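Notes for the one structure printed next.
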Amino acid sequence: MQELEVIEITNPTSEDFSWRYNGELFTIKSNETRGFAKPVGFHLAKHLSTKIVVADAKKEMTKADEKNPNASIHFKIAQLSTSDTHERRIALYKILGNENRVVEVISHYPFKGFIGDMDVYQKFVEKSKGVVTE
């Protein structure tokens, strides 16, 4: 019964994260690691990763961008929210700490195709694991 498998997810942000699954509210405190049934954990990881990538993109936003709905940053944020990107994979790796789990979450949801540079993600994972590459 794989759906009853427990997976651990970490909230790597400085804010508590709350999201609903089947009407029930789940909260993961800042920097807390908790175990969840696989479907719940995947759902929370997906939404937490979206929060992370959108927040990071908004840091690049200028005052002029905020007032202009046609600014390219708005398109980037929309793309980050719906696509499989190296930014999302990095966020998921921070949340799940496991490359295989990242792939499972990505394949579990209907993200649009991969956009970005997979090497950026691979280098992040290698650095996180302490792997030295040339």
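The values are calculated or read from the model by the stated rules, or taken from the named source; none is laboratory data. Being a predicted model, the structure only gives us computed values, none of them experimental. Note that each Cβ is placed from the backbone with ideal geometry, even for glycine, and that neighbours are counted across all protein chains shown.
Taken over segment 97-134, the criterion of being more than 12 Å from residue 84 (Cα to Cα), in a loop (DSSP other than H, G, I, E, B) and free of Cβ contacts under 8 Å to residues at least 12 places away in the same chain is satisfied by 98, 130, 131, 132, 133, 134. All of 33, 82 fail the test of being within 26 Å of residue 4 (Cβ to Cβ) and β-branched (Val, Ile, Thr), apart from 33.
If we scan segment 69-92, do we find a residue that is in contact (Cβ under 8 Å) with a residue 24 or more places away in the chain, of a type in the set (Val, Ile, Thr), part of a helix (DSSP H, G or I) and over 25 Å from residue 22 (Cβ atoms)? Yes - at least one qualifying residue is present in segment 69-92. When residue 44 is tested against (1) surrounded by fewer than 17 Cβ atoms within 10 Å (Cβ to Cβ); (2) of a type in the set (A, V, I, L, M, F, W, C); (3) out of contact with any helix residue (DSSP H, G or I) (no Cβ under 8 Å at 6 or more places or on another chain); (4) touching a residue at least 24 places away in the same chain (Cβ under 8 Å), only condition (1) is not met.
I'm checking my understanding of the structure. Among residues of segment 5-30 that are charged (D, E, K, R) and under 18 Å from residue 94 (Cα atoms), which one is surrounded by the fewest Cβ atoms within 10 Å (Cβ to Cβ)? Among them, the one singled out is 15.
One residue stands out in segment 40-65 among those that are polar (S, T, N, Q) and not in a loop (DSSP other than H, G, I, E, B): the one that is nearest to residue 81 (Cα to Cα), namely 50.
Filtered by the rule that a residue be touching a Ser or Thr at 6+ places or on another chain (Cβ under 6 Å) and either within 19 Å of residue 98 (Cβ to Cβ) or part of a loop (DSSP other than H, G, I, E, B) (or both), segment 16-39 gives 16, 30, 33.
Going through (1) at pLDDT 95 or above; (2) of a type in the set (Asp, Glu); (3) out of contact with any Asp or Glu (no Cβ under 9 Å at 6 or more places or on another chain) one by one, residue 32 falls short only on (3).
Are any of the residues in segment 97-104 surrounded by fewer than 17 Cβ atoms within 10 Å (Cβ to Cβ), acidic (Asp, Glu) and more than 13 Å from the chain's Cα centre (by Cα)? Among the residues of segment 97-104, not one is surrounded by fewer than 17 Cβ atoms within 10 Å (Cβ to Cβ), acidic (Asp, Glu) and more than 13 Å from the chain's Cα centre (by Cα), which makes the answer no.
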